[in-house]
Structure formats: C-alpha cells, structure tokens
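See below for the structure under consideration.
The values are calculated or read from the model by the stated rules, or taken from the named source; none is laboratory data. Model, not experiment: these values are computed from the prediction. Quick reminder, even Gly has a Cβ in these numbers, built from the backbone with ideal geometry, and neighbours come from all protein chains shown.
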Amino acid sequence: MCSNNGCVGEGKGGSNVPCSTIKKEDWMKDTKIRERYTGLIAAVFTPMKQDRTLNLGIVPAIAEHLIGDGVRGFYVCGTTGEGPLLSSEERRAVAQA
C-alpha cells in the first residue's frame, strides 16, 4: 500500500511502518507480505479505439483472460508508454474498469 509519504508495509501486529524500516530478513519471513507479491504481475496495455479514446468495454475481458492464464496482479497505465499521455480521470477509469 502506498501513501503520499512513500510505501508502507505491514509490520508486526499489523501496524503500518515505512518500508525502509523493514529488514529484508523480516520481509522474507513474513508470509503475509510475501504471498501478496508472488506470481506474475503483468504490465497491461491500455486498449484504445481508432479515435484514440479509451476502449473500457474490453478491459474486463482482457483481465479475465490474464487471470485465467495465472496472472496475479496488474500494472496499469504505466509501463507501455500511454500512461503519461492520459488524464487522471482516464487513468482512474482504466483502473476501475
């Protein structure tokens, strides 16, 4: 989970502490955190129509297909180049779709 102050992780007892205070050894032993970030997290393209508007209708089908292939998480609007070109509202719409 991220906040404006940077990333935080779950410390002992479920309290949130800055990631920088979590030792690597503790993180490796904490199965709750480790299981949360295992498997494939895919960088997913943002589907667009010919007129360069978002094609939100196809997002659920893409997500279901990837989940069926074993993908455990998605990184949307970021690594395939279109993220910086989208407005905040457009990025939010893709994430919610």
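Residues being among the basic types (Lys, Arg) and assigned to a helix (DSSP H, G or I): count how many of those fall in the range 35-70.
Adding up the residues that qualify gives 1.
If I ask for residues that are charged (D, E, K, R) and surrounded by 13 or more Cβ atoms within 10 Å (Cβ to Cβ), which ones from the range 73-97 would you list? Steps first, please.
Of the residues in the range 73-97, the ones charged (D, E, K, R) are 82, 89-92.
The answer is 82, 90, 91.
Kindly check whether there is at least one residue in the range 53-72 that is at pLDDT 65 or above, surrounded by fewer than 13 Cβ atoms within 10 Å (Cβ to Cβ) and of a type in the set (Ser, Thr, Tyr).
Yes: one or more hits.
Return the pairs, sorted by first residue and then second, in which the second residue is surrounded by fewer than 15 Cβ atoms within 10 Å (Cβ to Cβ) and β-branched (Val, Ile, Thr), the first residue lies in the range 77-97 and is without any contact (Cβ under 8 Å) to a residue 40 or more places away in the chain and closer than 15 Å to residue 58 by Cα, the beta carbons are less than 6 Å apart, and the residues are 6+ apart or on different chains.
So the pair list comes out empty.
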